[in-house]
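Working notes, beginning with the structure itself.
We did not get these values from a lab; they are worked out from the coordinates using the rules stated. Computed from a predicted structure; not experimentally measured. Here the Cβ positions follow ideal geometry from the backbone for every residue, glycine too, while neighbour counts run over all protein chains shown.
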Amino acid sequence: MDYYTLGRSGLKVSRLALGTMTFGEDWGWGADEQVSRQIFDAYVEAGGNLFDTADLYTGGRSEEMLGRFVAEAGLRDAAVIATKFSFNAAPGNPNAGGNGRKNILRAVEGSLRRLGTDYIDLYILHAWDRLTPAEEVMRTLDDLVRAGKVRHIGLSNVPAWYAGRAQTLADLCHWEPVSALQLEYSLAERAVEDEYVDLGTRLGMGLMVWSPLASGLLSGKYRPGRDGGEGEGRLAALAGSGNPVFEKFTERNWRIVAELEAVAGELGRPMAQVAVNWVANRPGVATVLVGATKLHQLRDTLAALDFAIPAELAARLDAVSAPPLHYPYTFFSPAMQGMIAGGATVGDKPPAYLPDRTVAAGGVGVSVNAEEAE
Ligand SMILES: NC(=O)c1ccc[n+]([C@@H]2O[C@H](COP(=O)([O-])OP(=O)(O)OC[C@H]3O[C@@H](n4cnc5c(N)ncnc54)[C@H](OP(=O)(O)O)[C@@H]3O)[C@@H](O)[C@H]2O)c1
């Protein structure tokens, strides 16, 4: 497993991170403790060091299990533990959720207790609450870093303007900068390409990809059916839940699945591996969160970076999954830019302008290969 430094920080994280949203059966589509432990062990054996959880996941069970597994394996020093706050823990109390100082200070104590640790390596705002100013969030997170309870910070599911403002404030005020942007990104969900890739690479935040398989869709186990899709797994369990994250059975996505199946067939690789490989090698991506409910699923995805997708096959995946072009991004198309440049060819700096190893990491960090380092 290769490691990259996350964003502009000195924190070294493996290119595949372990998502633990499925640790615990409380939500009806996770894994029991025994299987979760096997998944944890297999990930550690493969050399992974980055574990992602949240206070929300399986009602706190995910944090509890992860903390126990890390402690029992004697890995607290080696493990990079990421957890998140934002979601409400006490219905009826608006200050037991959201991103205000009062909730962040409440939430961090709960996460530390469930994880059984005295510090969190990466503390992430889970979702924008549409209310709390970036100043309050960033100042509070900086206080937690100074207090030694948190090492690094990240943002998830926030508008790009908000993340840009937060990072600029951190730079100007000498607060702890944002090292990671945790966002949904896959062949089936490429909206982040409009804003967040440039945002992350230019302002020093590594993309931490969630749902690289679109909640299992890109493993190929679902087929179009009478009510949208057929197959067994999270997407079937949550069909009709009304949560847009899980509404993946669309005509566009079936076209993507069909092309992915064809490409994976030509490569002789499982579809899940090809899907994870594709997103892990997109510009700006620092790490990809892989999740599983069964050990064989994780073993499958852990081999996702052992091969390269040839350019012509990658181009087919790019083409079938190309996101629609929206205004104002239409103005950044080659045709419009040609009008701005007066017909001259004006490119960005050539790759050689940047140190090789930074280019390899999509400009978000430096690859630290364990073998090279020896
Ligand atoms: N910040 C956020 O808002 C946010 C949101 C979501 C997730 N996350 C993080 O990202 C992590 C990964 O997200 P995700 O679980 O949605 O990732 P994903 O890779 O899109 O989906 C993983 C799920 O797909 C199925 N699967 C995985 N490998 C498979 C294989 N080889 N063959 C068939 N099915 C397979 C399993 O579910 P089934 O067995 O049920 O089909 C597995 O739980 C989470 O654990 C969490 O840490 C963050």
For this session: For segment 103-159 and segment 233-249, write down the distance between their C-alpha centroids in whole Å.
Result: 29 Å
Exercise. Which FRET efficiency value, to the nearest 0.05, is calculated for Asp171 and Arg226 with the Förster distance at 56 angstrom and r the Cβ-Cβ distance?
Worked result: 0.55
Exercise. What order do you get for Asp348, Asp52 when you list them from fewest to most C-beta neighbours inside 10 Å?
Worked result: Asp348, Asp52
Exercise. In debye to the nearest 20, how big a dipole does segment 1-132 give about its Cα centre with +1 on each Lys and Arg Cβ and -1 on each Asp and Glu Cβ?
Worked result: 600 debye
Problem set entry | Length released on extending from Tyr327 to Trp27, taking residue separation times 0.36 nm less the Cα-Cα span | 104.1 nm
For this session: For segment 3-373, just say rounded, prolate or oblate: build the C-alpha gyration tensor, square-root its eigenvalues into a ≥ b ≥ c, call rounded for a/c under 1.5, and beyond that prolate if a/b exceeds b/c, oblate if not.
Result: rounded
Exercise. Taking +1 at the Cβ of each Lys and Arg and -1 at the Cβ of each Asp and Glu, which of Phe331, His174, His126 sits farthest along the dipole of segment 3-373 towards its positive end, judged by Cα position relative to the Cα centre?
Worked result: His174
Exercise. Expressed as a whole number of Å, what is the distance separating the alpha-carbon centroids of segment 251-267 and segment 10-81?
Worked result: 30 Å
Exercise. Where does each of Thr201, Thr22 land when they are ranked from fewest to most other beta-carbon atoms within 10 angstrom?
Worked result: Thr201, Thr22
For this session: Quote the charge dipole size of segment 3-373 about the Cα centre in Debye, to the nearest 20; the model charges only the Cβ of Lys and Arg (+1) and of Asp and Glu (-1).
Result: 420 debye
Exercise. Based on the Cβ-Cβ distance of Lys294 and Asp77, what FRET efficiency does E = 1/(1 + (r/R0)^6) give at R0 = 25 Å, to the nearest 0.05?
Worked result: 0.25
For this session: Could you pull out the pairs from Lys12/Lys349; Lys102/Lys221; Lys248/Lys294 whose alpha carbons sit more than 32 Å apart here?
Result: Lys102/Lys221
For this session: Rounded to whole Hz and in sequence order, give me ³J(HN,Hα) for segment 261-275 from the Karplus expression 6.51 cos²θ - 1.76 cosθ + 1.60, θ = phi - 60°, writing x for Gly and Pro.
Result: 5, 5, 5, 4, x, 5, 7, x, 10, x, 4, 4, 5, 5, 5
Problem set entry | Net charge dipole size for segment 75-182 [Lys, Arg +1 and Asp, Glu -1 on Cβ; Debye, nearest 20] | 300 debye
Seminar exercise, completed: Note on segment 3-373: contact order normalised by length, alpha-carbon pairs under 8 Å, 6 or more apart, percent, works out to 19 percent
Seminar exercise, completed: Expected vector for segment 99-113, Karplus 3J(HN,Hα) from phi with 6.51, -1.76, 1.60 and θ = phi - 60°, integer Hz, x for Gly and Pro, equals 10, x, 4, 4, 6, 4, 5, 6, 5, 5, 5, x, 5, 4, 5
Problem set entry | Expected-Rg normalisation [2.2 N^0.38 Å, Cα atoms] applied to segment 1-59 | 1.26
